[in-house]
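First up is the structure itself, then whatever we jot down about it.
The values are calculated or read from the model by the stated rules, or taken from the named source; none is laboratory data. Not measured: the values here are computed from a predicted model. In this analysis, Cβ positions are derived from the backbone assuming ideal geometry, glycine residues included, and neighbour counts consider all displayed protein chains. These accessible areas exclude ligands, DNA and RNA; they are computed on the full protein's heavy atoms, side chains included. Shrake-Rupley method; radii C 1.70, N 1.55, O 1.52, S 1.80 Å.
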Amino acid sequence: MRRKVLIVEDEPDIAHLVQAHLTDIGCEADIAGNGAAAMNLFKRGGHHLVILDLMLPDTDGLTLCRNIRASGDYVAILMLTAKSTELDRVVGLEMGADDYLTKPFSVPELLARIKALFRRMEALREGVADSAGQETIEWGGLVIDVEKRSVRIDGRAVELTAREFDLLLFFARHPGRVFTRVQLLDKVWGYNHDGYEHTVNSHINRLRAKIEADPAKPRYVLTVWGVGYKFSEER
Ligand code: CA
């Protein structure tokens, strides 16, 4: 399948450099130099990935990210940011970006992130197809029976609480995607209160103690320092 990418970047040199490398790996890439042009191109549809600069002349990347997410169809979003503060990364992910890269970035790093996003989209599609057929998710030695709400690791049954199961299932359905603690509270617990982030940490510690061979070197639920957690992309 030919991948279609929308590059939203007001610096023409960077936009054309990224476009050239995307063409090299077989993608088709549109360029938008501002937010209005980006929404126009995006609404025509067919994009698999949006590479979104945070600083744009007419709008900011966060607003654009929210508008793209609000438009419905799922598209991967990679945010480019000149700012490297933790707050920006967290806000970007909370606005719905799948990943972020800090400028200046190297081309190999950018291409690695893009390929990881494409792999993740394929894995998700396969996961959806599997779980629609037999209601099980398999990942490495981990097998989740969604209907029975049971979990096996390398053939061994693992007893999880309802919340631990929900947390693991949520992660396994989004391999490779980084979630902040606030997002996990919102998606898994269904509420969003300041100050409850430690609840997420303690559940993840308990979950790791049950599913990981070595909880200090987790294989499934990984820590993304300064941001949150993600489920491994390595099967
Ligand atoms: Ca810019």
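Taking every protein chain into account, the 1.4 Å probe leaves residue 13 with about 130 Å² of accessible area, to the nearest ten.
Straightening the chain between residue 23 and residue 74 buys 16.1 nm, computed as 0.36 nm per residue apart minus the Cα-Cα spacing. For residue 148, the aspartates and glutamates whose Cα falls under 15 Å of its own Cα, not counting residues fewer than eight places away in the same chain, are 135, 138, 159, 164, 166.
Here segment 3-126 has 54 percent of its accessible surface on carbon and sulfur atoms, given a 1.4 Å probe and all protein chains in place. For residue 36, project a label point 7 Å along Cα to C-beta. Then give me every residue of segment 43-59 with its amide nitrogen under 11 Å of that point. Within reach of a label on residue 36, which here means backbone N under 11 Å from a point 7 Å along Cα→Cβ, segment 43-59 contributes 58-59.
Please work out whether segment 193-235 counts as rounded, prolate or oblate from its C-alpha gyration tensor, where a ≥ b ≥ c are the square roots of the eigenvalues and a/c under 1.5 means rounded, while otherwise a/b larger than b/c means prolate and anything else oblate? Oblate shape, in that a/c is at least 1.5 and b/c is the bigger or equal ratio. Rg of the Cα atoms in the chain, relative to 2.2 N^0.38 Å, amounts to 1.07. Model label points for residue 196 and residue 55, set 7 angstrom from Cα along the Cα-to-Cβ axis, are 3.7 nm apart.
When you restrict to C-alpha pairs under 8 Å that are six or more residues apart and normalise by the size of segment 132-231, the relative contact order lands at 24 percent. Based on C-alpha pairs under 8 angstrom that are at least 6 apart in sequence, the chain has a relative contact order of 13 percent. Taking all Cα pairs closer than 8 Å and separated by 6 or more residues, the relative contact order of segment 3-126 comes to 21 percent.
From the Cα gyration tensor of segment 3-126, with a ≥ b ≥ c the square roots of its eigenvalues, which class applies: rounded if a/c is under 1.5, or else prolate if a/b is larger than b/c, or else oblate? Judged from the Cα gyration tensor, segment 3-126 comes out rounded (a/c under 1.5). Rolling a 1.4 angstrom probe over the protein heavy atoms with all chains in place gives the chain an accessible area of 49 Å² per residue. The simple spin-label model puts a point 7 Å past each Cα toward its Cβ; for residue 187 and residue 149 those points are separated by 2.0 nm.
Annotation: the antiparallel percentage among DSSP beta bridges lying fully within the chain is about 50. Computed over protein heavy atoms with a 1.4 Å probe, the carbon and sulfur contribution to the accessible area of segment 132-231 reaches 49%.
Computed about the Cα centre, the dipole magnitude for the chain is approximately 580 debye when only Lys and Arg (+1) and Asp and Glu (-1) carry charge, each at its Cβ. Enumerate lysine pairs in segment 3-126 that are 8 or more residues apart or on different chains, then count those whose Cα atoms are under 20 Å apart. So the count of such lysine pairs works out to 4.
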